[in-house]
Structure formats: C-alpha cells, structure tokens
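J.: Have a look at this one.
The values are calculated or read from the model by the stated rules, or taken from the named source; none is laboratory data. Here the structure is a predicted model, which is why all the values come from computation and not from measurement. Virtual Cβ from ideal backbone geometry, glycine too; neighbours counted across all protein chains shown. In case anyone asks, the SASA skips ligands and DNA or RNA and just uses the protein heavy atoms, side chains included. Shrake-Rupley method; radii C 1.70, N 1.55, O 1.52, S 1.80 Å.
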Amino acid sequence: MPVVTMPKLSDTMLEGTLVKWRKKKGDKVDVGDILAEVETDKATMEMEAFDDGTITEIYVDEGAIIKVGDRIALILGAGETAESAQKKLEAAPAEKAKADANAHKPVDHPVKAPAPRLHGPLGSAAKSASAKTSGRVKASPLARKIAAARGVDLTVISGTGPAGRIVKRDVENAPAGGTRGVAACSAAPTIRAARGIAGEEKTIALTGMRKTIAERLLASKTQIPHFYLSVAMDGGPLMALRAELNVMAEKEGGQKLTVNDFILLAAARAAAAVPKINAAYDGDVIIEYADVNLAVAVAVDDGLITPVIRKANTLSLREISAAMKELAAKARGKKLKPEEYQGGTITLSSLGGFGIDDFMPIINPPQAFILGVGAITKQPVIDEHEQVVAGHRLVISASGDHRVIDGAVAADYMNTLRRLVEKPALLLL
C-alpha cells in the first residue's frame with residue numbers, strides 16, 4: 001500500500017511531529033529506507049519505507065504536528081498512479097472482510113493502509129502499534145468485552161497478540177480506566193493565561209512530550225489520592241564512603257560514583273525489603289510486582305522522561321551507576337527505546353543537583369509511589385554526645401497512592417531507606 005500515515009508509537013501518543021524529511025518528492029525508495037524523523041511524546045524516531053516506489057506526494061511540512069492515522073506521504077510503484085492506488089485502497093476492506101469471513105474468524109475493522117515499519121528507538125512497539133495506525137483497533141472479542149466492562153480505552157493501549165492485536169492480557173494489564181481518565185482531564189475546561197498584561201510576550205508551541213506531561217500529571221493529581229511524608233537523614237556516612245570509593249576509582253581509572261548512585265540502589269533495595277510499596281492499583285486488584293523496576297526522572301530539553309533501571313534491586317552499586325549513566329545519556333539524546341522507559345514500578349526524582357533541599361513529587365501513574373530527593377546540605381546537628389557539630393543532612397520525601405499503600409507501610413519503607421542511606425556500607429554487601 002502506498003499511503004504513508006502517522007503511526008501510533010506509544011500508548012499515550014495521539015499525534016506526532018514530523019521533525020525532518022530524509023527523502024523528498026521524486027525520490028525513489030526501497031523497503032527499509034529512512035523516510036523521515038518523527039517526534040512522539042517520548043522520543044524522536046526514524047520512519048522506514050514500507051514499500052518500494054517513488055515518493056509522489058508529501059502532504060506535510062517539517063515541523064507539522066500530525067494526528068495518528070493521518071496521511072503524510074504517497075509512494076507509488078512502477079506503473080502505478082494515484083487513481084489506481086486509491087482504487088486499491090478502496091478495494092482492500094472488501095477483500096479483507098471476505099478473507100475473514102472465509103476463515104470463520106471474528107472480523108476486525110478494515111485497515112486502509114499499513115503503518116510504515118520503524119526501527120531504531122521504536123523497536124517492537126512499532127509492530128504492536130501498527131494495527132492501530134488507521135484509527136481502527138484490532139482486538140479480540142474477549143478483550144473488547146473486558147475493556148467495555150472495565151472502562152478501558154482500547155485506542156490507547158498496545159496489543160501484544162499476533163500482528164499487534166489487543167488480547168485479554170493487554171486489557172487486564174492496562175491501568176484502571178485505561179487512559180480515558182487522562183483524556184477526560186485534557187478535555188476539561190482550561191483556565192487560559194492572561195495575554196498582554198506584562199509587556200511583550202512570546203508563545204511557545206507545546207511539544208508532544210510537554211502535552212503528555214501535562215495530561216498525565218493532571219490525571220495523577222486529580223484521580224490519585226496522594227499522601228506525603230518526609231524523612232531527614234544523616235548524609236555524612238554516605239558522603240564519606242563515596243569520597244573513599246571515588247579515590248579508589250580514580251586510581252583504577254574507573255568512573256566516579258555520584259550521590260544519586262547510592263540513593264538509587266538504596267531505594268531499590270528498600271523496595272525489595274518492603275514489597276507492598278512496589279505495587280499498583282488496578283481496578284479491583286492491587287498488583288504487587290516481583291521485580292523493582294526503578295524509573296528515574298531525567299530532565300531533557302522538552303521536559304522530562306523516566307528511563308527504567310530493570311531489576312534494580314539485584315544490581316551492585318557499580319552496575320546501577322553504569323546503567324543510570326547510559327540511560328541518562330540516551331534520554332538526553334532522545335534515543336531511548338520504548339522498553340527502556342516503560343514498565344517502571346516505582347519512581348525516583350532528584351532535584352538535589354539543582355540546589356533544592358526538599359520537595360513533594362507527583363505520582364507517576366500507574367505506579368503508586370514516588371521519591372523526591374533533595375540536596376545534601378551542611379548543617380549544625382546534635383551528635384551522640386549532645387554536642388552541636390557540623391553535619392550533613394539529606395531530606396527524602398515521598399508521595400503515595402493511598403488506595404494501595406497505607407501510612408504505616410510507607411513509614412516502614414522510609415525507615416528502611418534511611419537505614420541504608422545512613423549505613424551505606426550495607427549497599428556493598
């Protein structure tokens with residue numbers, strides 16, 4: 001099929017920005033050639049040609065924002081015309097329906113044009129998204145039935161069945177209500193900013209990432225019953241151990257450890273020790289995860305993204321440090337693959353490097369717990385001899401989903417985390 005349409009490249013993607021054309025009108029292309037770069041709400045990805053032919057039409061300019069399923073280009077094969085291609089497109093639904101009927105299988109909605117195949121940062125997500133790029137949804141009858149009963153929006157989840165079909169497990173694993181609640185929030189009346197009251201002003205178009213941040217965090221703050229708690233910790237032992245290890249690392253030519261490296265590992269180990277914290281609310285059940293997939297907020301030019309350190313509780317200090325450095329570099333270069341920023345079970349956000357002492361983060365749905373890490377500051381403290389001495393203080397705050405986590409569980413987790421931070425040698429065991 002010659003029509004190139006904007007594919008749905010992530011669960012939350014409703015539109016994409018065509019950042020750059022790699023081909024121009026009149027260029028011949030082969031299957032696998034890179035046609036364009038597309039920015040989604042998560043990353044910038046390369047789009048491959050799905051057919052051989054010549055680009056005869058380009059419908060959108062660079063920088064244009066295009067809704068998922070809208071056409072962006074036309075590729076015609078040898079001897080093919082726009083009219084013949086159109087007839088082929090119109091004939092496709094009837095042929096497919098006939099084939100489905102002959103096979104005595106449930107008939108899916110016809111797909112007018114296949115999505116272009118993608119590679120690079122997209123990976124397998126493109127395959128699962130391809131079934132929905134025409135604006136239709138491929139789902140099994142059982143999945144549709146369960147989705148209707150639970151209020152899950154099928155258009156915003158990816159299928160893991162054959163050819164990207166949404167199956168029972170996809171619906172069951174979707175957040176309660178799907179992301180319909182997000183859409184509802186985004187459709188709510190918006191309080192508009194005042195214009196022309198403070199001199200000259202400039203307007204900045206929302207990127208896909210900024211829109212997603214706005215919608216998801218609005219949904220989180222309005223739909224999840226947050227509760228908050230903070231703990232002030234002695235950061236002195238961590239600073240001392242870090243300095244000692246970094247001297248050794250320098251001699252051996254290794255990478256230096258950051259304060260965050262210690263806290264990341266402590267957060268993951270504490271979550272493994274208090275598994276009720278590593279959970280999520282899912283309608284009529286609470287999911288308690290076996291692995292601690294630690295999502296870490298990373299600031300990028302357009303906003304922030306949360307790459308995930310898989311099975312963080314099983315890693316060593318060196319391993320978690322290396323993993324974080326690699327993921328942060330990919331995030332800032334917009335090179336994360338979907339599997340590298342999806343599937344987090346608990347999130348850590350740190351503003352200590354920005355000089356912030358403490359703050360309360362907003363839960364990253366569908367997770368139920370998030371940590372906010374402030375800076376380690378030098379302060380007067382009372383030592384074990386009741387003397388005022390100079391010491392280091394670190395405040396770590398947390399926001400919890402009270403549907404999943406009670407205050408006592410959160411307190412247990414925070415005390416475990418404090419013990420690991422104040423006795424960081426335990427992290428080396």
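Quick grid of which residues meet (1) at pLDDT 95 or above; (2) touching a strand residue (DSSP E or B) at 6+ places or on another chain (Cβ under 9 Å):
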position: 213; (1), (2): no, yes
position: 216; (1), (2): no, no
position: 231; (1), (2): yes, yes
position: 259; (1), (2): yes, yes
position: 262; (1), (2): yes, no
position: 272; (1), (2): yes, no
position: 282; (1), (2): no, no
position: 310; (1), (2): yes, yes
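J.: If you don't mind, there's one more thing I want to ask. Would you be able to tell me the number of residues in region 367-409 that are within 24 Å of residue 290 (Cα to Cα), in contact (Cβ under 8 Å) with a residue 60 or more places away in the chain and open to solvent by 40 Å² or more (accessible area, probe 1.4 Å)?
T.: Counting residues in region 367-409 that are within 24 Å of residue 290 (Cα to Cα), in contact (Cβ under 8 Å) with a residue 60 or more places away in the chain and open to solvent by 40 Å² or more (accessible area, probe 1.4 Å) gives 2.
J.: Do you know which residues across region 336-366 are aromatic (Phe, Trp, Tyr) and either crowded, with 21+ Cβ neighbours inside 10 Å or within 14 Å of the chain's Cα centre (by Cα) (or both)?
T.: Within region 336-366, 341 is the sole residue that qualifies.
J.: Related question: Show the residue pairs meeting these rules: Cβ distance below 7 Å; 6+ apart or different chains; first residue within region 27-38 and over 7 Å from residue 49 (Cα atoms); second residue among the aromatic types (Phe, Trp, Tyr).
T.: 36/21
J.: Of (1) touching a residue at least 12 places away in the same chain (Cβ under 8 Å); (2) loosely packed, with under 15 Cβ neighbours inside 10 Å; (3) over 21 Å from residue 350 (Cβ atoms), residue 412 satisfies all except one. Which?
T.: Exception for residue 412: condition (2).
J.: Can residue 283 be described as surrounded by fewer than 22 Cβ atoms within 10 Å (Cβ to Cβ) and either under 23 Å from residue 399 (Cα atoms) or over 25 Å from the mean Cα position of the chain (by Cα) (or both)?
T.: yes
J.: In region 247-277, which residues are over 23 Å from the mean Cα position of the chain (by Cα) and open to solvent by 60 Å² or more (accessible area, probe 1.4 Å)?
T.: The answer is 247, 248, 250, 251, 252, 253, 255, 256, 273.
J.: Select from region 208-238 the residues that are part of a helix (DSSP H, G or I) and open to solvent by 40 Å² or more (accessible area, probe 1.4 Å) and list them in ascending order.
T.: Listed by number, the residues that qualify are 210, 211, 214, 215, 216, 217, 218, 221, 222, 223, 237.
J.: Before we move on, is residue 312 of a type in the set (A, V, I, L, M), within 16 Å of residue 347 (Cβ to Cβ) and open to solvent by 30 Å² or more (accessible area, probe 1.4 Å)?
T.: So residue 312 fails the test.
J.: Identify all residues within region 1-32 that are at pLDDT 85 or above and either part of a loop (DSSP other than H, G, I, E, B) or of a type in the set (Asp, Glu) (or both); write none if there are none.
T.: If the condition is that a residue be at pLDDT 85 or above and either part of a loop (DSSP other than H, G, I, E, B) or of a type in the set (Asp, Glu) (or both), then 6, 22, 23, 24, 25, 26, 27, 30 are the ones that fit.
J.: Something else: Count, please, the residues in region 301-327 that happen to be in contact with a Gly (Cβ under 9 Å, 6 or more places away or on another chain) and in a strand (DSSP E or B).
T.: Total meeting the criteria: 2.
J.: Test of understanding: among 426, 420, which residue is touching a Lys or Arg at 6+ places or on another chain (Cβ under 8 Å), at pLDDT 95 or above, loosely packed, with under 14 Cβ neighbours inside 10 Å and within 21 Å of residue 262 (Cα to Cα)?
T.: Exactly one residue qualifies, and that residue is 426.
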